[in-house]
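Visitor: Sharing a structure with you now.
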């Protein structure tokens with residue numbers, strides 16, 4: 001589920017933590033990295049669980065409507081089909097998924113008031129009203145669940161809910177939304193559907209672990225390449241985030257032979273737009289371009305396979 005960009009961003013923040021806490025040893029940093037990776041996966045599970053609970057509130061809605069003293073025809077005809085359909089029930093009835101939710105105590109994080117609010121707000125929309133009147137079909141169920149989830153993540157309540165419980169939400173939001181859309185579009189799912197979204201070894205370990213290790217243990221060597229390339233800039237005047245980005249990018253150029261240098265350069269310039277100052281992208285681009293050309297000329301960068309220099 002996690003892409004290399006997600007991993008780069010996590011390591012960027014880890015190295016910033018390290019910069020703020022110099023006494024933090026590599027073992028502690030590695031433990032924090034593993035925790036953040038696992039939290040990203042748990043955040044996906046949490047979002048699936050919350051979607052289920054919001055949809056399940058339709059049963060309460062149905063009960064409330066029919067228990068009125070004078071229910072209307074609309075009340076009497078209402079059904080909780082957004083939850084009581086085979087597609088979403090394939091998740092609800094997955095014993096493997098329920099075990100995972102229980103093991104991580106995700107069910108304990110459910111806020112009944114927020115669930116009610118999210119459902120009640122969505123129930124007022126034309127999308128939901130049209131769905132209730134439409135013929136039952138797999139397509140109609142998937143369409144309304146996509147709209148329900150979009151309604152949730154587009155609002156401040158859901159945003160704050162996720163952010164309060166998971167500090168990785170702000171960085172993983174687009175990733176989680178993409179995974180959720182894929183899950184909904186794939187309904188009905190297999191019992192272990194969530195395993196498809198477990199962060200992969202190649203990205204998390206072969207790339208992420210190695211990148212974190214090299215930047216931490218070869219920091220002096222990386223800085224020895226970067227400092228001369230700064231030219232008119234004093235190293236201590238470079239923004240902390242920018243220096244970390246330079247070290248990460250340089251580590252990729254030097255030690256990851258299957259990642260093209262241009263890919264590395266573009267990735268860290270893009271990340272600087274999100275996490276550093278407005279002028280950082282030009283600064284990062286200029287320094288990395290200078291470093292890349294110098295290291296290529298000196299034969300320091302060796303690329304192979306799909307990671308040819310150009």
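None of the figures in this text is laboratory data; all of them are computed from the coordinates on show. As the structure is a computational prediction, the values presented were derived from the model and not from experiment. Positions of Cβ are generated from backbone atoms using ideal geometry, with glycine treated the same way; all protein chains shown enter the neighbour counts.
Visitor: Listing 168, 264, 125 from the residue with the fewest other Cβ atoms within 10 Å to the one with the most, what is the order?
Guide: Ordered from fewest to most neighbouring Cβ atoms within 10 Å, 168, 264, 125 come out as 125, 264, 168.
Visitor: Cα axis of helix 240-255 to longest principal axis of the chain: angle in degrees, 0 to 90, nearest 10?
Guide: 80
Visitor: Once you put a point 7 Å from the Cα of residue 146 and another 7 Å from the Cα of residue 230, both along the Cβ direction, what distance in nm separates them?
Guide: 5.0
Visitor: Which value at 222 nm does the chain reach when only helices count, each DSSP H run of 4 or more adding -39,500 (n - 2.57), with the total divided by all residues and rounded to the nearest 500 deg cm²/dmol?
Guide: Computed mean residue ellipticity for the chain: -22000 deg cm²/dmol.
Visitor: Working from Cα positions, state the angle (0 to 90°, nearest 10) between the long axis of helix 138-153 and the longest principal axis of the chain.
Guide: The two axes meet at around 60 degrees.
Visitor: Further question on the same structure: Say we join alpha carbon atoms closer than 10 Å with springs in a Gaussian network model of the chain; which of 294, 173, 30 then has the biggest fluctuation?
Guide: Result: 294 has the largest fluctuation of those listed.
Visitor: Need one number: nm distance between label points at residue 19 and residue 258, each 7 Å from Cα along Cα→Cβ, rounded to one decimal.
Guide: Once both label points are built, they end up 3.0 nm from each other.
Visitor: Ok, one more. Between residue 73 and residue 111, take the C-beta separation as r, use R0 = 41 Å, and let me know the FRET efficiency to the nearest 0.05.
Guide: Details: r = 33 Å, r/R0 = 0.82.
The pair residue 73/residue 111 has a calculated efficiency of 0.75.
Visitor: A follow-up question, please. Just the ratio, please: alpha-carbon radius of gyration of region 120-273 over 2.2 N^0.38 Å, N its number of residues.
Guide: Numbers: Rg = 22.4 Å, N = 154, 2.2 N^0.38 = 14.9 Å.
Relative to the rule-of-thumb radius for its length, region 120-273 sits at 1.50.
Visitor: Would you indicate which of [x] 21.2, 66; [y] 24.3, 85; [z] 18.5, 59 is the value of Rg and Dmax of the Cα atoms in Å derived from the coordinates of this structure?
Guide: [y]
Visitor: Is region 252-303 best put as rounded, prolate or oblate by its Cα gyration tensor, with a ≥ b ≥ c the root eigenvalues, rounded for a/c under 1.5, and otherwise prolate when a/b is larger than b/c, oblate when not?
Guide: Note, shape of region 252-303 comes out oblate.
Visitor: Could you state the angle between the C-alpha long axis of helix 112-123 and the longest principal axis of the C-alpha atoms of the chain, as a value from 0 to 90 degrees rounded to the nearest 10?
Guide: In the chain, helix 112-123 runs at an angle near 70 degrees to the longest axis.
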